[in-house]
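Trainee: Just passing along the structure, written as structure tokens.
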Amino acid sequence: MTRFQLFDNVKLTENIPLNDGGIAHQETRGTIVEVFNNGEAYLVELFGDWIKYDAEGNFITANKDEKDAFMQTLGVETVYDHQMVLTVSAREIMGVKEHLNALLETLPDNLVLQVRDFAEFLQQRQQLTVKN
């Protein structure tokens, strides 16, 4: 099992160069959007400040509670486990069904079929219990 999971929220422990030439500084927060080679590396969407569009369509600084405010994406970068720490796990953020769906997306078809078969077994067992 990998140290981090898909959709975990993380914080950088060191500066990371961005593909556009900028820097994501230590303490920058992000969300894991892909896991490479069983946790060898992670694709992390890194976030900056809260912003929103003004009347002319330009970005302006905003408060997270303002209508239409969102966090600026600094970049989507490859990050290694020693360069980040967990802040909130996906399990804490997502409901059980959403987390299961995210996990299913990462499994090969043969394993998804096994999960389906087990879920059908549990469903049948529940129906028998309700009848008795």
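The numbers here are math on the coordinates, done by the rules we state, and not lab data. Quick caveat, the model's predicted, so the values are computed rather than measured. Every residue, glycine as well, gets a Cβ built from its backbone with ideal geometry; the counts of neighbours run over all protein chains shown.
Trainee: Select from Ile32, Ala69, Gln127 the residue farthest towards the positive end of the dipole of the chain; place +1 on Cβ of Lys and Arg, -1 on Cβ of Asp and Glu, and compute about the Cα centre.
Mentor: Sorting the options by dipole projection puts first Gln127.
Trainee: Using just the helices of the chain, give the 222 nm mean residue ellipticity in deg cm²/dmol: DSSP H runs with n ≥ 4 each add -39,500 (n - 2.57), and the total is spread over all residues, rounded to 500.
Mentor: Values: 3 runs with 38 residues, N = 132.
Calculated at 222 nm, the ellipticity per residue is -9000 deg cm²/dmol.
Trainee: Work through the residues other than Ile93 whose Cβ is under 15 Å from its Cβ and net out their charges, Lys, Arg +1 and Asp, Glu -1. Walk me through the numbers before you get to the answer.
Mentor: Values: positive: Lys11, Arg29, Arg91, Lys97; negative: Asp8, Glu45, Glu92, Glu98.
Combined, the nearby Lys, Arg, Asp and Glu give 0.
Trainee: What is the distance in Å between the Cα centroid of the range 67-87 and that of the range 89-132?
Mentor: Using only Cα atoms to place each centre, the spacing works out to 29 Å.
Trainee: Then there is this: Hey, how many Å between the Cα centroid of the range 1-33 and the Cα centroid of the range 37-54?
Mentor: Answer, in whole Å: 6.
Trainee: So, one more: Taking neighbour counts of Cβ atoms within 10 Å as a proxy for exposure, in what order, fewest first, do Val96, Val115 appear? Don't skip to the end; give the middle numbers.
Mentor: Working: Val96 8, Val115 13.
Least to most surrounded, the residues fall as Val96, Val115.
Trainee: Could I ask something else about it? On full extension of the chain, what length is gained from Val85 through Leu113, given 0.36 nm per residue of separation minus the C-alpha to C-alpha distance?
Mentor: Fully extending the segment from Val85 to Leu113 adds 6.7 nm.
Trainee: Return the single residue from Val88, Val112, Val33 with maximal mean-square fluctuation; model: Gaussian network over the chain, springs between Cα atoms under 10 Å.
Mentor: Comparing Val88, Val112, Val33 in the GNM, the peak value goes to Val112.
Trainee: So which trypsin sites (Lys or Arg not before Pro) in the range 36-132 end up in coil per DSSP with only 12 or fewer other C-beta atoms within 10 Å?
Mentor: Those that pass, being in a loop and sparsely packed, are Lys64, Lys67.
Trainee: Another question, then. Roughly how big is the chain's charge dipole about its Cα centre, with Cβ charges of +1 (Lys, Arg) and -1 (Asp, Glu), in debye to the nearest 20? Intermediate results must be reported in sequence, preceding the final value.
Mentor: Details: 11 positive and 21 negative charges, 151 e Å.
Dipole about the Cα centre, nearest 20: 720 debye.
Trainee: Using Cα springs under 10 Å in a Gaussian network model of the chain, which residue among Phe47, Phe118, Phe59 shows the largest mean-square fluctuation?
Mentor: Looking only at Phe47, Phe118, Phe59, the largest GNM fluctuation is found for Phe118.
Trainee: Give the angle, between 0 and 90 degrees and rounded to the nearest 10, that separates the Cα long axis of helix 109-131 from the longest principal axis of the Cα atoms of the chain.
Mentor: Relative to the chain, helix 109-131 is tipped by roughly 60 degrees.
Trainee: How do Tyr80, Tyr42 line up, fewest other C-beta atoms within 10 Å first?
Mentor: Tyr80, Tyr42
Trainee: Pick out which of Gln83, Gln72, Gln114 has the largest mean-square fluctuation in a Gaussian network model of the chain, springs linking Cα atoms closer than 10 Å.
Mentor: Between Gln83, Gln72, Gln114, it is Gln114 that shows the largest mean-square fluctuation.
Trainee: Based on C-alpha coordinates, I'd like the Rg and Dmax of the chain, in Å.
Mentor: 19.6, 66
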